[in-house]
Amino acid sequence: MDFPDELKYTEEHEWIAIEADIATIGISDFAQSQLGDIVFVELPEVGDELEAGKPCGVVESVKAVSDIYSPLSGEVVEINEELPDAPETLNTSPYEDGWMIKIRLSNPQELDDLLDADSYQELIKED
Amino acid sequence: MKKTPLNAAHRQLNARMVDFGGWEMPVQYSGVIAEHQAVRTTAGLFDVSHMGEIDVSGSSAQEFLQYVTTNDLTRLTNGKIQYTALCYGHGGVVDDLTLYRFTAEHFMLCVNAANIAKDLDWLQSLASSGNYADLRITNDSDNYGLLALQGPQAQTILAPLTPVHLDELTYYHCSPGTVAGIDLLISRTGYTGEDGFELYCPADATTALWQALLETGKPHGLIPCGLGARDTLRLEKGYALYGHEISADILPLEARLGWITKLAKGNFVGRAALLKARELGIPRQLIGLKLTVPGVPRQGCPVLCDGRAVGFVTSGTSSPTLKQGIALALVDTQAATSGHSWQIEIRQSAKDAEKITLPFV
């Protein structure tokens, strides 16, 4: 399994890429592997205000439903519109083609709560 | 948790193990969709050793079983199998099962894993309340391993491993024989809608049989398959599953099981209640719904017809073949017969669906 060093992670198995005040968010390689074949994705809409720690979308595999929790607060500025039509992209390319949403951060201090790649790998080892 | 004889073999294959009715079972190996496609196009091998085997024998065995099951046992000849059910007096279902006739005085019931103890208690209570001379009911579940080899390549894979003439072993028939040198029972049955076999072997030979089949089948595309694919395969074919479409609270006549409920065969447990229900009108019907928008229906989701709540989803999934959400749903008979527009409510959002004639695939 792959956990790029340049990304941040959460205990809920999302990854975050920060560029200026925009955060790109997706689910980790571990998350997609645990879910299995992903068959449905529900994303928030552009303009939605997200609150850190609150559900903002849904990912479903054949067997299971999983909420996506927004790791950070902010306004949705872009969503991966191809994803709902090709949810399997989350399995095949979780960190690139499978990105889910981009948000404009409203509380950059929340970045301090995110995990780096090493801490995240420690966390999933315990699972 | 209970374990099948293949527990170590599953772990070696990196299967994802889950608790299934108190049994630690593989839900998937390579992935539900890949395993599903293998069964539809080549072949898959399932460990279903958790299923229960109950042996019923004696000179009154046939009379007893004819009274406690819904289907007509007298239609069976030696070596023939029948899908049937046990009903309560009120008409709800104790369990659904396959019934094997070896001789007129020797039968085997293959029952759902979670119901083994309940079924045994039920059968024994009925046996003791009647006057059945020379009747023996034995739980053989721990003595058997059970593998299901399913898919269009199943016969090609099994043939070189057995002297039994598989061409002559037709659907819902069984034969004793050897496979890979192991004495077992070959049954031409399954729960996937594809051709295939279920092999009842001695528990301590299960691993050897599993390995032999996987090895022989590999060049033909055979892969191990878990309960995840077993569920999507049966659901695409509209097959009922205990705990979903089948329960004490659902009549077999509601669950599309009228074909195994032979009300004209004579008296049997539950018959009076079922006759009465038929006279009053069967209140609900099991139907097939297919989402016309993205989404995955799940058990318990409310079903709307022409804007009105009419029932609920009993089983739902994303069909790997259709790549659409599909569901079996128990709905008011009136809606089932004359309803127009259908919706399934998923997470408080009503998703458009269409009613389809089963099976889905």
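Scanning the range A:4-43 for residues that are surrounded by fewer than 18 Cβ atoms within 10 Å (Cβ to Cβ), under 10 Å from the mean Cα position of the chain (by Cα) and acidic (Asp, Glu) yields a count of 1.
Exactly one residue among B:Ala248, B:Ala272, B:Ala255 is surrounded by 22 or more Cβ atoms within 10 Å (Cβ to Cβ), more than 30 Å from B:Asp183 (Cα to Cα) and away from chain A (no Cβ under 14 Å), and that residue is B:Ala255. Taken together, A:Phe30, A:Phe3 contain a single residue that is within 14 Å of chain B (Cβ to nearest Cβ), of a type in the set (A, V, I, L, M, F, W, C) and touching a residue at least 60 places away in the same chain (Cβ under 8 Å), which is A:Phe30.
Considering the range A:77-89, the residues that are aliphatic (A, V, I, L, M) and away from chain B (no Cβ under 13 Å) include one that is farthest from A:Phe40 (Cα to Cα), namely A:Val77. Checked against (1) touching a strand residue (DSSP E or B) at 6+ places or on another chain (Cβ under 9 Å); (2) of a type outside the set (Gly, Ala, Ser); (3) under 27 Å from B:Glu35 (Cβ atoms), A:Lys8 passes all but condition (3).
Taken over the range B:121-140, the criterion of being loosely packed, with under 10 Cβ neighbours inside 10 Å and among the charged types (D, E, K, R) is satisfied by no residue.
Residue by residue, here is whether (1) more than 25 Å from B:Gly243 (Cα to Cα); (2) in a strand (DSSP E or B); (3) under 18 Å from the mean Cα position of the chain (by Cα) holds:
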| site | (1), (2), (3) |
| --- | --- |
| B:His10 | yes, no, no |
| B:Asn14 | yes, no, no |
| B:Pro26 | no, yes, yes |
| B:Ser30 | yes, no, no |
| B:Val39 | no, no, yes |
| B:Gly44 | no, yes, yes |
| B:Asp55 | no, yes, no |
| B:Asp96 | no, yes, yes |
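Scanning the range B:316-344 for residues that are out of contact with any Ser or Thr (no Cβ under 9 Å at 6 or more places or on another chain), away from chain A (no Cβ under 12 Å) and within 9 Å of B:Pro297 (Cβ to Cβ) yields a single hit, B:Ile344. Among the numbered conditions (1) within 12 Å of chain A (Cβ to nearest Cβ); (2) in contact with a Cys (Cβ under 6 Å, 6 or more places away or on another chain), the only one that B:Pro294 does not meet is (2).
If you check B:Gly238, B:Gly221, B:Gly243, B:Gly258 for being at positive phi and out of contact with any strand residue (DSSP E or B) (no Cβ under 7 Å at 6 or more places or on another chain), only one passes: B:Gly243.
If you go through the range A:68-109 and keep only what is modelled with pLDDT of 95 or more and acidic (Asp, Glu), you end up with A:Glu75, A:Glu78, A:Glu81, A:Glu82, A:Glu88, A:Glu96, A:Asp97.
Going by what's in this entry, would B:Ala85 be described as closer than 24 Å to B:Lys276 by Cα and either assigned to a strand (DSSP E or B) or free of Cβ contacts under 8 Å to residues at least 60 places away in the same chain (or both)? Spell out the reasoning first.
On the way: closer than 24 Å to B:Lys276 by Cα: yes; either assigned to a strand (DSSP E or B) or free of Cβ contacts under 8 Å to residues at least 60 places away in the same chain (or both): yes.
So B:Ala85 passes the test.
Scanning the range A:48-76 for residues that are more than 11 Å from chain B (Cβ to nearest Cβ) and polar (S, T, N, Q) gives A:Ser66, A:Ser70, A:Ser73.
Residue-wise test of (1) farther than 27 Å from B:Ile33 by Cβ; (2) buried (at least 18 other Cβ atoms within 10 Å of the Cβ).
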site: B:Tyr172; (1), (2): yes, no
site: B:Thr178; (1), (2): yes, no
site: B:Phe197; (1), (2): no, yes
site: B:Ala208; (1), (2): yes, no
site: B:Gln211; (1), (2): no, no
site: B:Glu215; (1), (2): no, no
site: B:Leu222; (1), (2): no, yes
site: B:Thr232; (1), (2): no, yes
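Within the range B:296-310, residues that are without any contact (Cβ under 8 Å) to a residue 40 or more places away in the chain have Cβ atoms under 8 Å from residues that are part of a loop (DSSP other than H, G, I, E, B) and surrounded by fewer than 24 Cβ atoms within 10 Å (Cβ to Cβ) in these pairs: B:Cys305/B:Gly339; B:Cys305/B:His340; B:Cys305/B:Ser341; B:Asp306/B:Gly339; B:Asp306/B:His340; B:Asp306/B:Ser341; B:Gly307/B:Ser341; B:Val310/B:Gly339, counting only partners at least 6 apart in sequence or on another chain.
Just to check your reading of the model, which residue among B:Gly151, B:Gly130 is touching a Gly at 6+ places or on another chain (Cβ under 6 Å), in contact (Cβ under 8 Å) with a residue 12 or more places away in the chain, over 22 Å from B:Gly79 (Cβ atoms) and not aliphatic (A, V, I, L, M)?
None of the other options fit; the residue is B:Gly151.
Taking first residues from the range B:1-24 that are touching a residue at least 60 places away in the same chain (Cβ under 8 Å) and surrounded by 14 or more Cβ atoms within 10 Å (Cβ to Cβ) and partners that are part of a strand (DSSP E or B) and among the polar types (S, T, N, Q), the Cβ contacts under 6 Å between residues at least 6 apart in sequence or on separate chains come to B:Arg16/B:Gln28.
In a residue-by-residue description of the range B:91-102, the property of being in the same structural domain as B:Ala205 (by TED's automatic domain parsing), of a type in the set (A, V, I, L, M, F, W, C) and surrounded by fewer than 21 Cβ atoms within 10 Å (Cβ to Cβ) applies to at least one position. So, in the range B:305-334, how many residues would count as being touching a Leu at 6+ places or on another chain (Cβ under 9 Å) and outside any strand (DSSP E or B)? The qualifying residues number 1.
The values are calculated or read from the model by the stated rules, or taken from the named source; none is laboratory data. Please read all numbers here as calculations on a predicted model, not as lab measurements. In this analysis, Cβ positions are derived from the backbone assuming ideal geometry, glycine residues included, and neighbour counts consider all displayed protein chains.
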